[in-house]
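Engineer: My questions all concern the structure below.
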Amino acid sequence: MHIPDGFLNVATVATTYAVSAGGVANAVRIANKKLGEKQVPLMGVLAAFIFAAQMLNFPVAGGTSGHLIGAALAAILLGPWASVLIMSCVLIAQSLIFQDGGLLALGANIFNMGIVASFGAYYIYRLTQSLLGDNRRGKLIGGFTAAWGSVLLASIACAVELAISGASPLTVVLPVMAGIHAFIGIGEGLITMAVVSLVLATRADLMRLQKI
């Protein structure tokens, strides 16, 4: 759901840049304070995995593109602030190297796929665990639900930004973006659940590293 340049008005570009810059700055501060030796290498591995996964995308209405996001997996394993950093690095690299998402729209893309997706996934995961219990079943279902919800929330944020900017009416872009990404979210949910299952079987200690 990368937004290219030319689709957002000046006010939306400025607002999303300001919010994203503040979010990334706070993420750096919190990461420096809370992340330990186990988390730093995992951040690099997750960034590489998400970078590769996001390169597989396809066009969606309104000039945007659809693909897996990956923020849920990062948020589940490392917490939302670390996920914001990972997603920001991935999105900046994609914008500068592959022109996947515009430079002017970078603030909006980081806000949607970095901040909204990361925190949405984290809190959905925590809510699911509180309902189902902190066990394997709760973690697997939580992983699926968090991933699906993060994709849907990010697509809704993207649709609202396009509508506010006058690129497409909300009644057109919202159903298209949300509808398509609801299906994409199922795929992301299944992938996230599979990775969580693998982590539980091989390195269950990584599931206890989440930081808020």
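Engineer: Consider only pairs whose beta carbons are under 8 Å apart and that are at least six residues apart or on different chains; among these, list those whose first residue lies in the stretch 165-180 and is free of Cβ contacts under 8 Å to residues at least 12 places away in the same chain and whose second residue is surrounded by 13 or more Cβ atoms within 10 Å (Cβ to Cβ) and of a type in the set (A, V, I, L, M, F, W, C).
Structural biologist: PRO169/ALA163; LEU170/ALA159; LEU170/VAL160; LEU170/ALA163
Engineer: Anything in the stretch 151-192 that is buried (at least 17 other Cβ atoms within 10 Å of the Cβ), of a type outside the set (A, V, I, L, M, F, W, C) and over 16 Å from HIS2 (Cβ atoms)? List them, or say none.
Structural biologist: Scanning the stretch 151-192 gives GLY185, GLY189, THR192.
Engineer: Another question, if that's okay. What tally of residues in the stretch 76-113 results from selecting those that are within 23 Å of LYS139 (Cβ to Cβ) and among the small types (Gly, Ala, Ser)?
Structural biologist: So the answer is 3.
Engineer: Check ILE92, ILE97, ILE110, ILE86 and return the single one that is farther than 15 Å from LEU73 by Cα, surrounded by 23 or more Cβ atoms within 10 Å (Cβ to Cβ) and either of a type outside the set (D, E, K, R) or free of Cβ contacts under 8 Å to residues at least 40 places away in the same chain (or both).
Structural biologist: Details: ILE92 fails: surrounded by 23 or more Cβ atoms within 10 Å (Cβ to Cβ); ILE97 fails: surrounded by 23 or more Cβ atoms within 10 Å (Cβ to Cβ); ILE86 fails: farther than 15 Å from LEU73 by Cα.
The unique qualifying residue is ILE110.
Engineer: Mind telling me which of the residues LEU190, LEU206, LEU162, LEU131 ends up being touching a residue at least 60 places away in the same chain (Cβ under 8 Å), in a helix (DSSP H, G or I) and farther than 27 Å from ARG29 by Cα?
Structural biologist: On the way: LEU190 fails: touching a residue at least 60 places away in the same chain (Cβ under 8 Å); LEU206 fails: farther than 27 Å from ARG29 by Cα; LEU131 fails: touching a residue at least 60 places away in the same chain (Cβ under 8 Å).
Every option except LEU162 fails the conditions.
Bear in mind these aren't lab numbers, they're just calculated from the coordinates by the rules spelled out. Quick caveat: nothing in here was measured; it's all calculated off a predicted structure. Please note: Cβ atoms are built from the backbone with ideal geometry, for glycine as well, and neighbour counts cover all protein chains shown.
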